[in-house]
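Enquirer: One structure follows; several queries about it will come next.
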Amino acid sequence: MTALGFLYPGHSAEDDYPRIEQLLGSDIRVDLVHTDIGEDAHRVDALYETGAPERLARGVQGLRLSGAETVVWACTGGSFVRGWQGAHEQVRALARTAGMPASSTSFAFVHAATELGVRRVAVAATYPKDVTALFTDFLHAGRIEVAAARSAGIVTAAEVATWGEAEILALAREADVPEADAVLLPATALHTASHLPALEKHLGKPVLTANQVSVWEALRLADRRVNAPALGALFTREPIVQV
């Protein structure tokens, strides 16, 4: 049994995690601990505070009791707003506090894109434009080229969590361009675990979503690879056939 630990801010799309655990269909356990988000606002100052060391440290106590072997800070905005260096410092501090390998969703996107050989992406973000720009800056620092980006301008995670497949697909289509090798949806507040096959079918290319890459990253830290086609190209390593 491999136990994966996640620090998840607040309550939005946390039900993606038991869904992903079920779809992995293996000896994988997903343990989720909720952290205090403070103010639910996709503003730089609020997101920065969401990922404050003391908030993450409080969450780590619960994960230690669960027996988790790795930990991922499952919040994209709460990591990339600190910039490339600041996000590295954040996960290093988390690893020291937790006493186990650690990462965050922002780094998971970079590592997952690299795994698939993706160098050019389209970003379909629910964030306001200024926050989306910080995510594209983070990707550039990770040597991922952003061919196009679309911002939905949503301010709260609570609103993002209400979106279904139709809204997610519409945003992804608006963001996608032919030169993009994959489409990225960065919000962990977005329910995507059940929609990955449909998204990849409609777009004809790999789709990377926040909760999906977070679980993949935790598995990577644990040196596990699981084949799970229902979780998209990332979990099969097979290219999507153009339609």
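Enquirer: Would segment 31-51 turn up any residue that is over 21 Å from Ala157 (Cα atoms) and either of a type in the set (A, V, I, L, M, F, W, C) or part of a helix (DSSP H, G or I) (or both)?
Expert: no
Enquirer: Among the listed residues Glu167, Glu217, which satisfies the condition of being assigned to a helix (DSSP H, G or I), under 24 Å from His11 (Cβ atoms) and out of contact with any helix residue (DSSP H, G or I) (no Cβ under 8 Å at 6 or more places or on another chain)?
Expert: Residue meeting the stated conditions: Glu167.
Enquirer: Further, regarding this structure: What is the residue count in segment 95-126 for residues that are over 27 Å from Arg150 (Cβ atoms) and assigned to a loop (DSSP other than H, G, I, E, B)?
Expert: Final tally of qualifying residues: 3.
Per-residue answers, yes or no, for (1) in contact with a helix residue (DSSP H, G or I) (Cβ under 6 Å, 6 or more places away or on another chain); (2) in a helix (DSSP H, G or I); (3) within 21 Å of Thr132 (Cα to Cα):
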site	(1), (2), (3)
Trp163	no, no, yes
Leu171	no, yes, yes
Val183	yes, no, yes
Thr188	yes, no, yes
Glu200	no, yes, no
Asp223	no, no, no
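Enquirer: Hey, another quick one. Please go through segment 4-30 and pick out each residue that is charged (D, E, K, R) and either in a strand (DSSP E or B) or surrounded by fewer than 21 Cβ atoms within 10 Å (Cβ to Cβ) (or both).
Expert: Result: Glu14, Asp15, Arg19, Glu21, Asp27, Arg29.
Enquirer: Then there's this: Examine segment 87-94 for a residue that is of a type in the set (Gly, Ala, Ser) and not in a loop (DSSP other than H, G, I, E, B), and state whether such a residue exists.
Expert: Within segment 87-94, one or more residues are of a type in the set (Gly, Ala, Ser) and not in a loop (DSSP other than H, G, I, E, B).
Taken together, the values in this text are just the output of simple stated rules run on the coordinates, not laboratory data. Keep in mind that this is a model prediction, so the values were computed, not measured. Every residue, glycine as well, gets a Cβ built from its backbone with ideal geometry; the counts of neighbours run over all protein chains shown.
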